[in-house]
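Beneath this line is the structure, given in structure tokens, with notes to follow.
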Amino acid sequence: MLVANPVRYAMIGGGEGAFIGPVHRIAAAIAGNCELVAGALSSDAQKARRSGAAIGLAEERSYASFQDLLRGEKGRPDGAEFIAIVTPNHVHAPAAIAALEAGFPVLCDKPLTDTLDAALEIAAAAKRTGGLVGVTHTYTGYPMVREARDLVSSGKFGAVRRVAVKYTQGWLAKAEDGVGKQAEWRIDPKRSGLAGAFGDIGTHAFNLVEFITGERMTRLSAEIRAAVEGRQLDDDGAAMFHLDGGGRGTLVASQICTGEANGLAISIWCEEAGLHWRQEEPNSLRVSRRGGPEEIWTPGGDRKYLGEAAMAVTRLPSGHPEGYLEAFANIYRDFADAVRGNAPAQPSYASLADGLAGMCFIQAAHDSSANDAAWVDLQETAR
């Protein structure tokens, strides 16, 4: 829904040839309460200017660097009210810290940054400045994911006993797939950081487990590897994990599963029922009960059986798919509301604490794998 006084935002990254930058901009437009007013859309000054012109930014607000952007927007009465960071991972921390120090809230693409140490620096900057930080874990913006969380938290199905989550893709299955703008930085430790697949998609799987169950992952045993010869970062891996409520689980994150597209799927088995959701069929939440019929729950404005959290992010009538862009839009809508002091009780964006937990997951998985899949305590990793 369009509003009369949208929240102004600026974007760092997301210029020529980027995938996620246009996704963020489209999502913000769908949200209806955001307006892009400025950008530093590339680390290359010429590309930044071309990119700004291509999407209609005013020439004086298309900046050559994020440092110039922060200086320029801070000094304007109509300047940006928050900063969206959509760069490769290694830029997240310096850009986020500089934005927080300049007084801007930050909405950062996942993972929070390239290393746990850098993530802790962002957290320190947020504490020092009191600044707001959100992370775009897209899948928490889906209505049926939020309904699954409510069903689990209600206790009507009993305690969580077992979780199985997998995020499988096939787009990096061969050595020649590691070329082009989208692939090159993801397999480069200087830009991606400690992790490849476990950072790019494994953090989504991890976040979905913690979001739906409402529990924290406490311990894990992981085996990760570079299956494609010559790669420096992981492209395949799996982990067993414990939750703080006593449940157990498995997590698979792989980008070398030939033929897979975007195979994110999660099952949560409680004492009285199992809940199952697949990103490629996002409008269906399957609920299976012992001795009873299987149920398919779907979103829609007339679905009065849905909980408040799911209804709050449902945009369309029944039968109209609520997909990736709508889920992203829910994140932008909620973060923009928070910037204006109207944060919803259950925001769609991930918190700074969630982003830090994701970085601890990455570090713990790598530590475990390097030690022959030894069990690692995530709380010890955080220290």
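What follows is calculated from the coordinates using simple rules that are stated; it is not laboratory data. Remember, it's a predicted structure, so these values are computed and weren't measured experimentally. Backbone-built Cβ (ideal geometry, glycine too); neighbour counts: all protein chains shown.
Evaluated at q = 0.12, 0.13 Å⁻¹, the base-10 log of the normalised Debye intensity for the chain, with identical point scatterers placed on the Cα atoms, takes the values -0.92, -1.08. Here K304 is the anchor, and the lysines within straight C-alpha reach of less than 19 Å, apart from those fewer than 8 places off in the same chain, are K156. Across all Cα atoms of segment 101-164, the radius of gyration (one decimal) and Dmax (whole number) stand at 16.4, 47 Å.
Dipole of the chain computed with +1 at Lys/Arg Cβ and -1 at Asp/Glu Cβ about the Cα centre; of A195, F361, W277, farthest Cα towards the positive end is W277. Using just its DSSP H runs of length 4 or more, each adding -39500 (n - 2.57), the chain gives a mean residue ellipticity at 222 nm of -10500 deg cm²/dmol after division by all residues.
The value of relative contact order for segment 88-164, using C-alpha pairs under 8 Å at least six residues apart, is 28 percent. P(r) for segment 7-138, from all Cα pairs and a bin width of 10 Å, is 14, 49, 33, 4 %, short bins first.
For segment 273-319, which trypsin sites (Lys or Arg not before Pro) pass both filters: DSSP loop (anything but H, G, I, E, B) and at most 14 other C-beta atoms within 10 Å? Here the trypsin sites (Lys or Arg not before Pro) that fit, given the DSSP loop and packing criteria, are R290, K304.
Once the chain from H320 to E121 is taken as fully extended at 0.36 nm per residue, the excess over their C-alpha distance is 67.4 nm. Contact order, relative form, for the chain: 19 percent (alpha carbon pairs under 8 Å, 6 or more residues apart, mean separation divided by residue count). Between S351 and D177, the simple label model (points 7 Å from Cα in the Cβ direction) yields a spacing of 3.6 nm. The three principal axes of the Cα atoms in segment 197-277 give end-to-end lengths of 45, 26, 15 Å, sorted in falling order. Under 14 Å from a label point set 7 Å out along the Cα-to-Cβ vector of E272, the amide N atoms of segment 290-309 belong to 290-292.
When +1 charges are put on Lys and Arg Cβ atoms and -1 charges on Asp and Glu Cβ atoms, the dipole computed for segment 7-138 relative to its Cα centre reaches about 120 debye. Using all C-alpha to C-alpha distances in segment 49-104, build P(r) with 5 Å bins and read off the rounded percent in each one. Percent of pairs per bin, in order: 4, 19, 28, 27, 17, 5, 0.
Between segment 105-121 and segment 215-288, the C-alpha centres lie 22 angstrom from each other. Relative to the Cα centre, the charge distribution of the chain, modelled as +1 at Lys and Arg Cβ and -1 at Asp and Glu Cβ, gives a dipole magnitude of about 540 debye. Under 5 Å from the amide H of K110 lie the amide H atoms of T136, each residue being 5 or more positions distant or on a separate chain, with H modelled from the backbone and absent for Pro and chain starts.
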